[in-house]
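Here's the structure we're looking at; comments come further down.
No lab work stands behind these numbers, since they all come straight from the coordinates. Source: prediction; values computed, not measured. Ideal geometry is used to build each Cβ from the backbone, glycine not excepted, and the neighbour counts take in all protein chains shown.
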Ligand SMILES: Nc1ncnc2c1ncn2[C@@H]1O[C@H](COP(=O)(O)OP(=O)(O)OP(=O)(O)O)[C@@H](O)[C@H]1O
């Protein structure tokens with residue numbers, strides 16, 4: 001069985017008389033250890049999928065299987081536990097706590113986890129061994145995103161979910177962050193899922209899920225994903 005499986009998932013928002021289908025029968029699978037990209041235009045339904053997968057939102061219908069468990073059946077408490085232990089989240093705008101240092105930001109996540117890595121070790125892994133005691137305002141955008149990746153990875157999550165992780169970064173810094181995510185997947189076996197509107201990123205993924213009008217338009221498997229250095233946008 002696949003590590004992640006969406007089976008005919010629906011999410012609807014009622015706006016007065018109108019019903020908006022934010023997920024309209026979404027089905028796809030992702031294998032353990034894959035680097036998957038969910039790509040689509042603005043409003044296509046990417047964030048809705050990621051939020052449901054991350055346990056931050058619930059679906060109205062369908063199954064969302066993660067490591068054999070249907071999280072769509074979880075109650076609030078089970079979802080909190082799932083978010084806390086199983087999910088690492090990387091946001092477009094980093095979401096760091098400004099009055100805590102890089103190390104303290106990572107510690108905050110590790111304190112609530114049973115099998116967390118040492119903050120120093122993870123910060124070293126993301127190339128920030130010399131910046132651990134800096135506050136977010138003393139770090140560049142790319143460095144702040146590295147702290148946010150370290151914070152997510154320190155929990156040793158089952159899934160690393162990334163919502164437009166390079167959206168706020170310049171071209172080269174964005175590529176460096178994608179390299180870090182690709183290395184994390186390849187070297188540490190972490191299942192990484194990135195959502196983006198930038199289809200140029202697709203060739204670096206093992207699996208590309210294209211979303212259109214709240215549905216999965218197509219799924220492509222790359223037998224030979226390319227190195228980040230070879231892609232351009
Ligand atoms: N809370 C909500 N209430 C009403 N409609 C919503 C809500 N959240 C999302 N939608 C609608 O669901 C659809 C999918 O939105 P979603 O945010 O998932 O798209 P997206 O692909 O992530 O877009 P973007 O790249 O702009 O973030 C859109 O039509 C959006 O307007």
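Note on segment 20-47: among residues that are over 14 Å from residue 197 (Cα atoms) and within 9 Å of the ligand (Cβ to nearest atom), the one that is farthest from the chain's Cα centre (by Cα) is 20. Taking the listed residues 188, 86, 183, the one that is touching a strand residue (DSSP E or B) at 6+ places or on another chain (Cβ under 8 Å) and within 27 Å of residue 4 (Cα to Cα) is 86, with no other qualifying.
Please indicate, with yes or no, whether at least one residue in segment 68-81 is more than 12 Å from the ligand (Cβ to nearest atom), surrounded by 15 or more Cβ atoms within 10 Å (Cβ to Cβ) and touching a residue at least 60 places away in the same chain (Cβ under 8 Å).
Taking segment 68-81 first, the residues more than 12 Å from the ligand (Cβ to nearest atom) are 68-81.
Going one step further and asking which of them are surrounded by 15 or more Cβ atoms within 10 Å (Cβ to Cβ), we end up with 71-72, 74, 79.
Of the ones still in play, those that are also touching a residue at least 60 places away in the same chain (Cβ under 8 Å) are 72.
Within segment 68-81, one or more residues are more than 12 Å from the ligand (Cβ to nearest atom), surrounded by 15 or more Cβ atoms within 10 Å (Cβ to Cβ) and touching a residue at least 60 places away in the same chain (Cβ under 8 Å).
Residue check, residue 88 against (1) assigned to a strand (DSSP E or B); (2) buried (at least 21 other Cβ atoms within 10 Å of the Cβ); (3) within 16 Å of the ligand (Cβ to nearest atom), all met but one. Which one? That leaves (3) as the condition not met.
Among the residues of segment 13-57, those identified as surrounded by fewer than 16 Cβ atoms within 10 Å (Cβ to Cβ) and more than 14 Å from residue 213 (Cβ to Cβ) are 13, 14, 15, 16, 17, 18, 19, 27, 31, 32, 33, 56. For segment 127-139, give me each residue that is in contact (Cβ under 8 Å) with a residue 12 or more places away in the chain and either over 16 Å from residue 99 (Cα atoms) or assigned to a helix (DSSP H, G or I) (or both). If the condition is that a residue be in contact (Cβ under 8 Å) with a residue 12 or more places away in the chain and either over 16 Å from residue 99 (Cα atoms) or assigned to a helix (DSSP H, G or I) (or both), then 127, 128, 136, 137 are the ones that fit.
For residue 8, the conditions (1) touching a strand residue (DSSP E or B) at 6+ places or on another chain (Cβ under 9 Å); (2) over 30 Å from residue 140 (Cβ atoms); (3) within 16 Å of the ligand (Cβ to nearest atom) are fulfilled apart from (3). For segment 95-143, which positions are surrounded by 15 or more Cβ atoms within 10 Å (Cβ to Cβ) and closer than 18 Å to residue 182 by Cα? Those that are surrounded by 15 or more Cβ atoms within 10 Å (Cβ to Cβ) and closer than 18 Å to residue 182 by Cα: 122, 123, 125, 126, 128, 142, 143.
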